[in-house]
Every structure is written in structure tokens, then in C-alpha cells.
Amino acid sequence: MADPTGRDAVAAVWRIESARITGALARWTGDFALAEDLAQEALAEALVTWPRDGVPRHPAGWLLTVGRRRAIDAFRRRRALDERYAALAHQLGEGGAATGGDPAGGHATGGDVLWDPDRVDDDVLALMFVSCHPVLSREAGVALTLRVVGGLTSDEIARAFLVPTATVQARITRAKKTLQASGVPFAVPPAEERRERLGPVLNVLYLIFTEGSSASAGGAVLRLDLASEAQRLARVLSRLIPGEPEVNGLLALLELTAARFPARVGPDGDPVLLERQDRRRWDRSAIRRGRAALSRAARSGRGLGFYGLQAAIAECHAVAPSVEATDWDRIVLLYEALGSLAPSPVVDLNRAVALSMARGPTEALAVVDGLVAEGSLAHSRLLPAVRGELLTRLGRLAEARGELERAAALCGNERERAVLERKLADLDEGAG
């Protein structure tokens, strides 16, 4: 009888080791697209073999050995029995080359069929840089990163982003073809290029977390699978590049934001606004981790960057005992610094919210009206939602109603839309 725990073991090992396995195969074959296919073939073979025969003593080594065997088969099919084939076949005995098992006569320690321990970190880091390469579209980079670095299946990625599985598979296929056509090497960029190339990597992790922490569509406020995966990958990256302040800044931002997750959703699944959250439910361990990462970013001497400044804003919220006791003046200054570093209408809108808390709604409304005049965020619910709140506080209820109705119409998330509709109902009760 098949062992039902075998499939669970495959899933667990894959989530932990998939990046290392794919990275090692990419380094050995010199072909990123082939390596990802080989890793998937090894996974498929494990899903058949482990439930039937039991979990091998060294499961990650088993997967990598199968991947290497499939690579040999691929090179044979290509009539490429050259030095690459000899190198891949080296130390794989007759039994190992035929079955994917341990080398003949070996003791299955995993040392000679797994990976070079001195290269593991480089392999995973190179995998991140390749998956987030600038030649790829944003959607392709996100899908490829979740697949090859995060170990998520196409079905899992599709469910997370509410798109068909075929769409995700097509994005991954196009991404691999684009990388191959562009001749992108599987390697960690040289030191002089690393900081520039790091930007797209951080941006992909930021996008994944943002979708997880504020779902753009569907019936859930949070998508914890996406947010947690982004946090995990940010932690991996901070370990691989410990001295880079923006890596620590991003990690701090993710930890400090995720710390509020336990209080952000009520028992009915509806979002709980900041002023109504039970701060006793905030994750204090995550706050400590986030503040430690922010401290590391600040110690670099280069000043806080795009992610570090956002983390500093999140820290202001995390340490405040209440909304009223929050240091809103400092938050305004941090948003001004962020706007100087990376001008954006979203940053200006957030600065307006902080201004309304620090100095009242009148000054904030002037900033928001400026964004309206510029035509900024015309298709986003955020601008009319904030303007509606400010108008409500100023007693201009008829105008507020129009803005909140517009925000509800633009909102793709069912739970967020319900909050806006309740605000509209409250306006009607107040007017009555």
C-alpha cells in the first residue's frame, strides 16, 4: 500500500530545498531553463516513488541525483556527450545513473550527490537575481520567483493571484524563454553591478508581500501565503547579503507590517481599521525582529533608503500605544523624505493622511486636492477613500458621500468594499 505520508514529505522537502536544488542544477548545466525543468521532473518522480517505496534517507540528495540523471539523459538526447556530460556523470555509479539512487558502493551520506556546501548560498542568490532579472516583466518575475525560489506550484501561485493556472504557466514559460534568448548567465552579478541589480529583486519581494498584505481582489483582506513567502525570501536574502542596508530595510518593513496581521481582520473576516485594532494582538516578536533589522539598516552610514524609510514609518506605528499617541509629526517628516527620494502620488497621499492626524484635515485636504487636479490615482480607490474621510471630518457630508461611493465602485476587494459601504451607511444615519 502506498504511504500517504510520502506526498507530505515531498511537499515539505520541496518547499525547503527547491531553490538549492534548482540552483545547483543550473550551475552544473549552465542552463537555467533546463535546470528548472529538471527539478520539476525530479519532483514528479518523487511524488510517484516516495509514497510507494518510502521516503529516502537523504531526500534532498535523492531529488538532486534524479535531476542530475535527467540532465545526463537530456544531453544524450542532444548528442552532447561532451565534457559537461562527463562532469555530470562523475561519481554517479552505474546504479545511480540508472535509478537516481545513491552511487554504487556509496554510503548515502549525501556529500557526493548533494551540493558543494561552499556554493549553496551563491546558488540561491544567483537564482534570485536570475528570477528577478530586468529583462523580465513584473508579472513574469513574480511568478518565476515564487516557482523556482519559493517552491510554490503553478496552482498555488494561480490561487494566490486569482488567475488561471494556465496564465501562470504561460508567464513562467515566457520568462524562461526570455532569459535564454537574452543570454542571461546563471551567476551572482559582480560586486560593481550588484547594488543596481538588487533593486529588481527587492521590488519583486515587495510586490509579493504587498499583494499578500492588502489583497487587490477577491474575498480575503490578507493572503498570508504570499505575505509569509515574501518574508521568508527576505530573510534568506538578508542572510545572503547581510551588509546591504536596503535588504535589511525591506526585511524590517515586512516584519513590522506583518506584526499587525493578527489584529487586522475581525472574526467575520472583515478588515479592522488601525484605530480599532487591539494592539495586544500584535506580534511582539515580529516587531522586535523588524526593529533589529531597521537598526542594522541604519548602521550602514548611508542613510535609510526607499524600504528603510517605510520601515521607519511602520516602526512609529508599532511602538505607539494608540493612534492618538502615535508620533504623527515624525511620520510626516519621514513621508517627506520618502517623497524626495522616490516621488509618488501614493507617498503624497499617505503624507496627507499623516498630516490630517498631526495638523488636522484642512491642510491634508489641500494636498489631496492637488493630487486630484493632477489627475493622479484616477483609477484607484485610495484617493476618493481618503478624500471622503477628510470631507467627513470637515462636515461636508454630501461631498464625502460622492467620494466614498466612487471609492466603493473602484474597489476590487469585496471586504474592503464592505467597509466603504458601511461608512456610507454611517453617513446616512448621521444625516438622518
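The values are calculated or read from the model by the stated rules, or taken from the named source; none is laboratory data. Here the structure is a predicted model, which means the values were calculated and not measured. Note that we place each Cβ from the backbone using ideal geometry, even for glycine, and neighbour counts take in every protein chain shown. Each accessible area value is taken on the protein alone, full model and side chains, heavy atoms only, with ligands, DNA and RNA left out. Shrake-Rupley method; radii C 1.70, N 1.55, O 1.52, S 1.80 Å.
Quick look at the values:
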{"item": "Spans of helices (runs of 4 or more DSSP H) in segment 206-298 with at least 3 residues polar (S, T, N, Q)", "result": "224-240"}
{"item": "Lone unmet requirement of (1) of a type in the set (A, V, I, L, M); (2) more than 20 Å from the chain's Cα centre (by Cα); (3) over 21 Å from Val386 (Cβ atoms) for Ala258", "result": "(2)"}
{"item": "Checklist (1) assigned to a helix (DSSP H, G or I); (2) crowded, with 22+ Cβ neighbours inside 10 Å applied to Asp329, failing item", "result": "(2)"}
{"item": "Out of Ser344, Ser380, sole residue that is out of contact with any Asp or Glu (no Cβ under 9 Å at 6 or more places or on another chain), closer than 30 Å to Pro267 by Cα, hydroxyl-bearing (Ser, Thr, Tyr) and modelled with pLDDT under 95", "result": "Ser380"}
{"item": "Residue satisfying all of: in segment 340-360; open to solvent by less than 20 Å² (accessible area, probe 1.4 Å) and part of a helix (DSSP H, G or I); farthest from Leu274 (Cα to Cα) among these", "result": "Val347"}
{"item": "Candidates Val319, Val323, Val347, filtered to the one that is touching a Gly at 6+ places or on another chain (Cβ under 6 Å) and farther than 21 Å from Leu237 by Cα", "result": "Val347"}
{"item": "Enumeration of residues in segment 184-207 that are touching a Gly at 6+ places or on another chain (Cβ under 9 Å) and farther than 21 Å from Gly150 by Cβ", "result": "Pro185"}
{"item": "Lone qualifier among Glu193, Glu211, Glu229 - being closer than 17 Å to Arg289 by Cβ, acidic (Asp, Glu) and out of contact with any Asp or Glu (no Cβ under 9 Å at 6 or more places or on another chain)", "result": "Glu229"}
{"item": "Count - residues of segment 234-258 that are among the acidic types (Asp, Glu) and surrounded by 24 or more Cβ atoms within 10 Å (Cβ to Cβ)", "result": "1"}
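This table checks each residue for (1) assigned by the TED database to the domain that holds Gly61; (2) touching a residue at least 60 places away in the same chain (Cβ under 8 Å); (3) in contact with a helix residue (DSSP H, G or I) (Cβ under 6 Å, 6 or more places away or on another chain); (4) assigned to a helix (DSSP H, G or I).
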site	(1), (2), (3), (4)
Met128	no, yes, yes, yes
His133	no, yes, no, no
Leu144	yes, no, yes, yes
Ile157	yes, no, yes, yes
Ala160	yes, yes, yes, yes
Thr167	yes, no, no, yes
Ala170	yes, no, no, yes
Lys176	yes, yes, yes, yes
